[in-house]
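Asker: Provided herewith is a single structure, encoded as structure tokens, for subsequent inquiry.
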Amino acid sequence: QVQLVESGGGLVQAGGSLRLSCVASGSIFSINDMGWYRQAPGKQRELVATITSSGTINYADSVKGRFTIIRDNTKNTVYLQMNSLKPEDTAVYYCNADISTWYEGGYDYWGQGTQVTVSS
């Protein structure tokens, strides 16, 4: 059983920073792509950033230059460093990972989400 656990969310003022962490655990054979998504109230879930196992990164235009995604393969962990936060960044942030277990090929797993609130 694979589990993704996010942490690091909270309440910050506009212009502030937060660092989100996501740790994958369980019967993991390999982790392929990892990423962060977010969903604001009344809106659809959107991609924030992704990173492949080889380090290729993609960011949403709305966060380029402000957010940084990092992964530590030795810890099965992916981070999202968020700087210059805006009220528009307020959302529940979800960790996502394409993971191959000992029993099957790649499957998308999601964390429970962590709330990020940016005040004006």
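The values are calculated or read from the model by the stated rules, or taken from the named source; none is laboratory data. Please read these numbers as outputs of a predicted model, since none were measured by experiment. Positions of Cβ are generated from backbone atoms using ideal geometry, with glycine treated the same way; all protein chains shown enter the neighbour counts. SASA here: full protein model, heavy atoms, side chains in, ligands and nucleic acids out. Shrake-Rupley method; radii C 1.70, N 1.55, O 1.52, S 1.80 Å.
Asker: Given springs between every Cα pair under 10 Å in a Gaussian network model of the chain, which of ILE28, ILE51, ILE69 has the largest fluctuation?
Answerer: Judging by the Gaussian network model, the answer is ILE28.
Asker: About the Cα centre of the chain, what is the dipole size in debye to 20, counting +1 per Lys and Arg Cβ and -1 per Asp and Glu Cβ, all else neutral?
Answerer: Using Cβ point charges on Lys, Arg, Asp and Glu, the chain gives about 340 debye.
Asker: I've got another one for you. Rolling a 1.4 Å sphere over the protein heavy atoms, what is the accessible area per residue of region 58-120, to the nearest Å²?
Answerer: 52
Asker: Something else: Could you tell me which trypsin sites (Lys or Arg not before Pro) in region 1-67 are loop residues by DSSP with no more than 11 other beta carbons within 10 angstrom of their beta carbon?
Answerer: In loop regions of region 1-67 (DSSP not H, G, I, E or B), the sparsely surrounded trypsin sites (Lys or Arg not before Pro) are LYS43, LYS64.
Asker: At a Förster distance of 30 Å, what's the computed FRET efficiency of THR68 paired with PHE29, Cβ-Cβ distance as r, to 0.05?
Answerer: Working from the Cβ atoms, E equals 0.65.
Asker: Using θ = phi - 60° and the Karplus form 6.51 cos²θ - 1.76 cosθ + 1.60, what ³J(HN,Hα) does each residue of region 109-120 get, whole Hz, x for Gly and Pro?
Answerer: After applying 6.51 cos²θ - 1.76 cosθ + 1.60, I find 10, 10, x, 7, x, 9, 7, 10, 10, 10, 8, 6 Hz.
Asker: Mind jotting down the distance between the C-alpha centroids of region 81-120 and region 19-63, whole Å?
Answerer: The two parts, judged by their Cα centres, are 6 Å apart.
Asker: Now a separate question. May I ask for the longest run of the chain untouched by chymotrypsin sites (Phe, Trp or Tyr not before Pro) that are loop-located per DSSP and have at most 12 neighbouring C-beta atoms (other than their own) within 10 Å?
Answerer: It runs 1-101.
Asker: For region 1-55, what is one quarter of the convex hull surface built on the Cα atoms, given in nm²?
Answerer: That works out to 5.4 nm², a quarter of the Cα hull's surface.
Asker: Taking all protein chains in place and a 1.4 Å probe, what share, in percent, of the accessible surface of region 1-100 do carbon and sulfur account for?
Answerer: The C+S portion of the solvent-accessible surface of region 1-100 is 47 percent.
Asker: Give me the distance in nm between label points sitting 7 Å out from Cα along the Cα-to-Cβ direction at GLU46 and GLN81, one decimal.
Answerer: So the label points at GLU46 and GLN81 sit 2.4 nm apart.
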